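The values are calculated or read from the model by the stated rules, or taken from the named source; none is laboratory data. Note that the coordinates shown come from a computational prediction; the quantities given were computed from them, not determined experimentally. Quick reminder, even Gly has a Cβ in these numbers, built from the backbone with ideal geometry, and neighbours come from all protein chains shown.
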Amino acid sequence: MKIGISTSVIQRGQTGIAQYVFALIRAFMAAGGRQQFILFVLEEDLPLFKFAGPAMQLVSVPESFRPPEKNILWHQFCLPRLVRQHRIDVLHVPSYRRLLWRRPCALVATIHDLAPFRVARKYDWKRMVYGRVVARWLAERQDEIIAISRNTGADITEFFRLNPERVRVIYNGVEHNRFFPVPREKAKAWMDQLHNLSQPFFLYVARLEHPGKNHERLITAFNQFKAATKSNWQLVLAGSAWTGSEVVQRAIAQSPVAPDIRHLGFVADADLPKLYQAADTFVFPSLYEGFGLPALEAMACGCPVLSSTRGSLGEVIANAAETVEPEDIADMQSQLTRLASDARLREHLRAAGLKRAQHFNWQTTAAATLETYWRAISRWKIHHGLRKSLPSRQLSLAKR
């Protein structure tokens with residue numbers, strides 16, 4: 001099987017979709033097998049895929065196709081030609097924003113969330129229309145769709161009105177060789193050296209996006225927490241600036257405790273585990289998530305978690321985290337106070353989180369994804385009248 005993967009939606013490696021793509025590729029490489037992989041990569045992103053070079057073929061995409069509008073056109077008009085040129089059996093596009101209309105081979109898409117249907121003003125009006133209207137139209141052309149949670153799968157069938165038989169729930173994993181607990185003293189020393197963080201701190205890892213990631217309410221709750229407790233705890237925000245980030249930056253600047261709110265910007269992959277390992281509590285007050293990978297990564301590092309349950313978050317964290325109503329600032333302040341003052345509760349959450357994180361790994365995700373590729377090929381061949389050429393195993397998959 002020859003598999004193509006479009007990677008141009010990774011935004012220079014600074015998004016959750018990027019982490020999905022990188023982790024899935026690493027898991028495919030670790031699994032071995034006889035599959036051939038061809039990755040379509042924007043020129044300036046090629047160094048990010050250096051780790052895959054020996055095992056997978058990298059096809060360079062001109063940098064001029066990076067802007068969203070041009071990238072969409074490249075997917076619709078250039079990528080189908082490349083697929084035929086490289087004789088690809090199945091193409092995986094890991095984002096609903098770049099789904100193909102033409103069907104040069106079997107098509108698989110990953111849909112991480114349908115936030116435009118759930119969060120008002122999540123994006124600008126053009127992206128909202130694309131997500132609500134155009135993506136729905138294109139999704140009907142895909143042979144198989146991967147949803148990264150049951151919640152996302154339900155949204156796909158509800159809002160895109162697709163046959164549930166074409167939607168397969170495959171959870172994200174955790175890279176346990178990267179995200180694991182270390183002695184607290186060692187982790188704290190790292191953070192003091194890297195970022196001059198010596199005080200206890202709450203950590204939030206998410207791009208600075210307003211209103212979806214809910215930073216503004218978190219900052220208000222933190223201000224009230226500091227005023228009420230006089231605590232020395234700090235709030236650390238890690239993530240690159242995104243749509244609406246100026247609202248978050250303004251909230252930080254206007255905070256009466258601004259020196260205790262640290263925005264580190266995008267944190268490199270090599271340093272992210274250290275940040276989780278050193279944090280005293282991870283907070284995740286997002287208004288909507290299709291999965292919520294940072295919460296699981298924090299758990300895998302032994303960091304207690306306080307999280308919203310919006311979208312798929314309740315499904316993912318189960319009973320291994322404290323929960324908060326993300327639009328209730330008083331509730332958020334109360335929970336920050338409780339976590340900061342109760343070391344026994346934090347220790348309980350550390351243990352519960354470590355146990356929960358063990359249920360997720362990328363090897364399982366990769367195996368299920370490969371199975372989905374076979375299902376897509378079977379469905380595509382049947383659609384094109386090639387049913388007799390299918391091995392019996394693929395026919396059985398296509399009938400499911």
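What to note about this one:
- For the stretch 218-249, a tally of residues being over 27 Å from Ile17 (Cβ atoms), loosely packed, with under 14 Cβ neighbours inside 10 Å and under 30 Å from the mean Cα position of the chain (by Cα) returns 0.
- Criterion violated by Lys186 - all others in (1) surrounded by fewer than 17 Cβ atoms within 10 Å (Cβ to Cβ); (2) over 29 Å from Ala27 (Cα atoms) satisfied: (2)
- Subset of the stretch 51-74 (residues that are in contact with a strand residue (DSSP E or B) (Cβ under 9 Å, 6 or more places away or on another chain), assigned to a helix (DSSP H, G or I) and free of Cβ contacts under 8 Å to residues at least 40 places away in the same chain): Ala52, Glu63
- In the stretch 35-49, residue surrounded by the fewest Cβ atoms within 10 Å (Cβ to Cβ) [restricted to those that are over 25 Å from Thr372 (Cα atoms) and in contact (Cβ under 8 Å) with a residue 12 or more places away in the chain]: Glu44
- Looking only at the stretch 160-184, and only at residues there that are at pLDDT 90 or above and in a helix (DSSP H, G or I), the one that is farthest from Asp113 (Cα to Cα): Glu165
- Filter result for the condition that a residue is surrounded by fewer than 16 Cβ atoms within 10 Å (Cβ to Cβ) and either of a type in the set (Gly, Ala, Ser) or not assigned by TED's automatic domain parsing to the domain that holds Ile377 (or both), over Ala109, Ala52, Ala115, Ala30: Ala30
- Of the helices (runs of 4 or more DSSP H) lying entirely inside the stretch 274-381, the ones with 1 or more residues being within 28 Å of Leu194 (Cα to Cα) and modelled with pLDDT of 95 or more are found at 293-300, 329-341, 343-357.
- Residue in the stretch 190-199 that is under 23 Å from Leu354 (Cα atoms), buried (at least 17 other Cβ atoms within 10 Å of the Cβ) and in contact (Cβ under 8 Å) with a residue 24 or more places away in the chain present: yes
- Of the numbered criteria (1) at negative phi; (2) in contact (Cβ under 8 Å) with a residue 60 or more places away in the chain, the one Ala135 fails is (2).
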